[in-house]
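Chemist: Before I ask anything, let me first share the structure, which is written out below as structure tokens.
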Amino acid sequence: MKPKNIIIGLSLTFMVMAFQVSAQKCKYDYEKTDEFTGEKSKGNTMQLNNWWYLGFNKVGEKYNLGLYMRLNGEKNLYLEQGDSIIFKFSDGSFLTLYARERYAPESQVVVALSTAGVINIYRAVYDIPSEKMEILKNNTVTHVKVNISHLVYQKELKEKTGEKFRKNAVCIIE
């Protein structure tokens with residue numbers, strides 16, 4: 001074999017290896033195909049802190065965001081259809097999504113250090129149009145604001161957490 005061919009072959013091998021190393025490694029909570037319709041679905045979830053979780057889902061060609069949030073105290077407020085979740089990006093721009101339907105909180109009694117308390121758990125789904133999914137894929141989130149009825153909850157994200165959220169958006173689109 002000629003030295004020129006060996007060099008070209010090695011160069012191509014290293015280029016392929018470099019591409020594979022830099023490729024996004026995606027992990028999903030679930031990835032399945034409906035046995036009757038053939039429709040594919042997948043989802044990934046990330047924890048923002050001990051009380052907030054956000055997850056992207058793709059069913060067929062449609063996207064949505066799931067929210068799981070625990071709040072101290074008995075709120076007894078519905079997360080209303082149309083209540084918003086707002087993302088602020090590192091460039092200062094915003095993106096708003098709206099709750100798909102009305103969601104009732106789930107109340108639980110918890111005991112910590114011999115003291116009982118009540119927490120409310122909110123679960124909600126926000127539809128994401130494809131064009132907004134592209135925005136989430138291309139921008140790092142710095143802040144999240146959730147509106148539940150007349151109450152507002154905000155969370156500032158560390159840069160690493162915001163970037164992980166962006167990468168989850170990239171993965172769900174793939």
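The values are calculated or read from the model by the stated rules, or taken from the named source; none is laboratory data. Because the structure is a prediction, the values reported are computed rather than measured. Quick reminder, even Gly has a Cβ in these numbers, built from the backbone with ideal geometry, and neighbours come from all protein chains shown. Just the protein is used for accessible areas: all its heavy atoms, side chains included, with ligands, DNA and RNA removed. Shrake-Rupley method; radii C 1.70, N 1.55, O 1.52, S 1.80 Å.
Chemist: Tell me, which residue of segment 112-122 that is β-branched (Val, Ile, Thr) and surrounded by 13 or more Cβ atoms within 10 Å (Cβ to Cβ) is nearest to the chain's Cα centre (by Cα)? First the steps, then the outcome.
Modeler: Here is the first cut: in segment 112-122, the ones β-branched (Val, Ile, Thr) are 115, 118-119, 121.
Remaining after also requiring surrounded by 13 or more Cβ atoms within 10 Å (Cβ to Cβ): 118-119, 121.
Working: Val118: 27, Ile119: 23, Ile121: 18 Å.
For segment 112-122, the residue satisfying everything is Ile121.
Chemist: Among the numbered conditions (1) open to solvent by less than 70 Å² (accessible area, probe 1.4 Å); (2) in a loop (DSSP other than H, G, I, E, B); (3) modelled with pLDDT of 95 or more; (4) in contact with a strand residue (DSSP E or B) (Cβ under 6 Å, 6 or more places away or on another chain), tell me where Gly92 comes up short.
Modeler: Status for Gly92: all satisfied but (4).
Chemist: Here's a follow-up. Quick check, is Val109 open to solvent by 50 Å² or more (accessible area, probe 1.4 Å), part of a strand (DSSP E or B) and among the hydrophobic types (A, V, I, L, M, F, W, C)?
Modeler: yes
Chemist: In addition: Could you tell me whether any residue of segment 123-138 is open to solvent by 70 Å² or more (accessible area, probe 1.4 Å), part of a loop (DSSP other than H, G, I, E, B) and either polar (S, T, N, Q) or in contact (Cβ under 8 Å) with a residue 24 or more places away in the chain (or both)?
Modeler: no
Chemist: Is there any pair linking a residue in segment 78-92 that is without any contact (Cβ under 8 Å) to a residue 60 or more places away in the chain to one that is part of a loop (DSSP other than H, G, I, E, B), with Cβ under 8 Å and at least six apart or on different chains, and which?
Modeler: Once the first residue is without any contact (Cβ under 8 Å) to a residue 60 or more places away in the chain and sits in segment 78-92, its partners that are part of a loop (DSSP other than H, G, I, E, B) give Gln81/Arg100; Gln81/Glu101; Gln81/Arg102; Phe89/Asn139; Phe89/Thr140; Asp91/Asn139.
Chemist: Residues in segment 95-106 that are surrounded by 11 or more Cβ atoms within 10 Å (Cβ to Cβ) and under 30 Å from Lys137 (Cβ atoms): how many?
Modeler: Counting residues in segment 95-106 that are surrounded by 11 or more Cβ atoms within 10 Å (Cβ to Cβ) and under 30 Å from Lys137 (Cβ atoms) gives 8.
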